[in-house]
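The values are calculated or read from the model by the stated rules, or taken from the named source; none is laboratory data. As the structure is a computational prediction, the values presented were derived from the model and not from experiment. No Cβ is skipped: glycine too gets one built from the backbone with ideal geometry, and neighbour counts run over all protein chains shown.
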Amino acid sequence: MNLNEIIRRLSGKMAGIAGCGGLGSNCAMALARCGIGKIIIADFDTIDHSNLNRQYFFLDQLGKKKVLALEENIKKVVPSCVVEPHDIKLEPVDVLRLFGNCDVIIEAFDSSSEKAMIIETVLAEYPDIPIISGLGLAGYGNTNDISVEKHGNLYICGDRRSEVDEDNPPLAPRVNIVANMQANVAIDLLLKME
């Protein structure tokens, strides 16, 4: 399939992204660059200087809401991509309301309880919508340990064990590998859909 056909087919697809940090911001940009038609993004956080080592934001955006800054950044690169930002801390009812019409959902949260909430909600209420999660991306090195694991309509990208802590921080290389792996899985799934 050539690039024009990929862009044409993705232009009619919609992705929901829960979280606009290292995974979500980079995954959203990758999907937009490949031609996805619409991205619904949800996050309640603001950009902090510590985010700049791995998230798709810039110095002049410090203090801005992540969803609004990400929308701005996507529009600078791909003006045709429709971005629907939601400045919200997602609860199950919000997941259902915002992402129910999406073709694919990207889980890009930091907290394990939020990850579990969205995965459980989507699998229970929207079992036909693929959900792509990032798990195990802290530190550096061990690139060959990063892979995709499939469990029904749940896809887990990462090494599934590298937890973030003070001695094992999230760094741009591994975070971006996992974010782009999430985008790659999404594109593969979307292109197989009618």
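Details
- Filter result for the condition that a residue is over 20 Å from ARG174 (Cβ atoms) and among the polar types (S, T, N, Q), over GLN55, GLN61: GLN61
- Test: residue in the stretch 77-87 that is within 25 Å of PRO173 (Cβ to Cβ) and either in a helix (DSSP H, G or I) or not aromatic (Phe, Trp, Tyr) (or both): yes
- Only one of the listed residues (ILE7, ILE41) is among the hydrophobic types (A, V, I, L, M, F, W, C) and touching a residue at least 40 places away in the same chain (Cβ under 8 Å). That residue is ILE41.
Here is a yes/no grid of residues against (1) more than 27 Å from LEU135 (Cβ to Cβ); (2) surrounded by fewer than 24 Cβ atoms within 10 Å (Cβ to Cβ); (3) of a type in the set (Asp, Glu); (4) modelled with pLDDT under 95:
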{"site": "ILE7", "(1), (2), (3), (4)": "yes, yes, no, yes"}
{"site": "MET14", "(1), (2), (3), (4)": "no, yes, no, no"}
{"site": "ILE17", "(1), (2), (3), (4)": "no, no, no, no"}
{"site": "ALA32", "(1), (2), (3), (4)": "no, no, no, no"}
{"site": "THR46", "(1), (2), (3), (4)": "no, yes, no, no"}
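- Residue, surrounded by the most Cβ atoms within 10 Å (Cβ to Cβ), within the stretch 133-158, restricted to residues that are within 22 Å of LEU96 (Cα to Cα) and touching a Leu at 6+ places or on another chain (Cβ under 6 Å): GLY134
- Of the candidates PRO173, PRO130, the single residue that is in contact (Cβ under 8 Å) with a residue 12 or more places away in the chain, exposed (fewer than 15 other Cβ atoms within 10 Å of the Cβ) and not polar (S, T, N, Q) is PRO173.
- The lone exception for LEU98 - which of (1) touching a residue at least 60 places away in the same chain (Cβ under 8 Å); (2) touching a Pro at 6+ places or on another chain (Cβ under 7 Å); (3) over 19 Å from ASN184 (Cβ atoms) it fails: (2)
- Scanning the stretch 1-51 for residues that are over 17 Å from the mean Cα position of the chain (by Cα), farther than 26 Å from ALA116 by Cβ and in a loop (DSSP other than H, G, I, E, B) gives MET1, ASN2, SER11, GLY12.
- Positions within the stretch 112-140 being touching a Lys or Arg at 6+ places or on another chain (Cβ under 8 Å) and over 20 Å from ALA186 (Cβ atoms), in sequence order: ALA138, GLY139, TYR140
- Scanning the stretch 96-136 for residues being part of a strand (DSSP E or B) and among the small types (Gly, Ala, Ser) gives a total of 2.
- Residues in the stretch 134-155 that are out of contact with any Gly (no Cβ under 8 Å at 6 or more places or on another chain) and under 19 Å from SER112 (Cβ atoms): 6 in all.
- Of all the listed residues (VAL77, VAL95), the sole one being hydrophobic (A, V, I, L, M, F, W, C) and out of contact with any Gly (no Cβ under 9 Å at 6 or more places or on another chain) is VAL77.
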